[in-house]
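The values are calculated or read from the model by the stated rules, or taken from the named source; none is laboratory data. Note that the coordinates shown come from a computational prediction; the quantities given were computed from them, not determined experimentally. Methodologically, a virtual Cβ is constructed for each residue, glycine included, from the backbone with ideal geometry; neighbour enumeration extends over all protein chains shown. Just the protein is used for accessible areas: all its heavy atoms, side chains included, with ligands, DNA and RNA removed. Shrake-Rupley method; radii C 1.70, N 1.55, O 1.52, S 1.80 Å.
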Amino acid sequence: MAAKSAAEIAQEFAQGALSATPVIILGSGASAAHGVPGMSALAAHLTSAAPPAAWTAEETKEWAAFLAHLKAGTDLESALQAVRPTERQTHFIACATREFLLPSDLAVLSALLADRHHLPLSRLYRHLFDSTHTTLHVVTPNYDRLAEYAADAADVSTFTGFNYGYLQSRARDPRTRITIRGRETRTVAVWKVHGSLDWFQDAAKQIIGIRSALAIPADYAPLMITPGIDKYRLTHGEPFRTILACSDDALENARAYFCVGYGFNDEHVQTKLIERCDRDSTPLIVITKELTPTAKTFLTSGRCRRYLAIEDGPAGARAYMHDAPAGFDLDQPLWRLDQFLDHITGTPA
């Protein structure tokens, strides 16, 4: 019998990892594939945003220093870490970020209304729920709601740490689920470690989710942790402390990981994942347009014992595995989620 090709070995590895019902990690690349802008576009937006006239001279000076970093080519997170924004400057950045991203988020919803198969993530959910599992876990630093939209289109429930309804209070139990005749509905638990476009907080620190909110409600602030020096401080407050605990629990107990468009640049997401890939040889799949230097460093460090990583390549895609770290070509663009699912699962769109 002829030896298996590298592509066949990769396919078998991917099928085995998916059969383990992996925790899904969605990075900015997963949203960029559907028109949601990334950090570089957000940086350009902030560069053109007019700061409030009520800012003090010191705040104006600090903002000018931040913009100077951006114009010098510094990435957004590094530029924000190089300055010390005040609380109202942080609020301004969060509001500007939400204002910038919301139209793209809603455009995805409109596309989904026109075509319920618009998001391949829905197909991934359906494939993974073709089992006895009643809960899938998604971990993401993204603010947009593509993970939730995809679940709606797949006719399964979502849970983000908030109760159900238009005015969503925080759930007291992270295992809150809808039940029908005493049975839990299939639920995608989406752990949004940096917040969401529909989370808000008032001056009294009361937290609420409002899925239908277009404008920011009066006297409320977006509950979104933006890049910068306050990123790690803010995660000690609620709801982020609880969300991170739930995310860590999901990652700690995962039987496999499936990363889509994730660049391994966020310690809030990857710490547990890296530990498990090293300690327990937990299988890891990464598909993305382009592997970041951070991702490549991790994959080749020896700490990831069983992995398949696929990025764009001249023949269609370039794949790397734990036993083929130099990589090999694939003749199909399997770095795209829709193409990956076509080839690996064979499930219909």
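Of all residues in the stretch 10-49, those being over 13 Å from the mean Cα position of the chain (by Cα), β-branched (Val, Ile, Thr) and at pLDDT 95 or above number 1. Among the residues making up the stretch 120-144, those that are open to solvent by 10 Å² or more (accessible area, probe 1.4 Å) and either in a helix (DSSP H, G or I) or within 28 Å of PHE200 (Cα to Cα) (or both) are PRO120, LEU121, ARG123, ARG126, HIS127, THR135, HIS137, PRO141, ASN142, TYR143, ASP144.
Residues of the stretch 249-276 that are assigned to a helix (DSSP H, G or I) and closer than 26 Å to ASP75 by Cβ: LEU251, GLU267, HIS268, VAL269, GLN270, THR271, LYS272, LEU273, ILE274. Of the candidates THR74, THR90, THR56, the single residue that is over 24 Å from the mean Cα position of the chain (by Cα), more than 28 Å from LEU334 (Cβ to Cβ) and not acidic (Asp, Glu) is THR56. Just checking, does the stretch 286-304 include any residue being touching a helix residue (DSSP H, G or I) at 6+ places or on another chain (Cβ under 7 Å) and in a helix (DSSP H, G or I)? Looking through the stretch 286-304, at least one residue is touching a helix residue (DSSP H, G or I) at 6+ places or on another chain (Cβ under 7 Å) and in a helix (DSSP H, G or I).
Exactly one residue out of CYS259, CYS277 is open to solvent by less than 10 Å² (accessible area, probe 1.4 Å), hydrophobic (A, V, I, L, M, F, W, C) and within 21 Å of LEU341 (Cβ to Cβ), and it is CYS259.
Here PRO174, PRO217 are screened, and the one residue that is within 28 Å of LEU76 (Cα to Cα), open to solvent by less than 70 Å² (accessible area, probe 1.4 Å) and of a type outside the set (Gly, Ala, Ser) is PRO217. Of the residues making up the stretch 59-85, those that are aliphatic (A, V, I, L, M), touching a Phe, Trp or Tyr at 6+ places or on another chain (Cβ under 9 Å) and buried (at least 16 other Cβ atoms within 10 Å of the Cβ) are ALA79, LEU80, VAL83.
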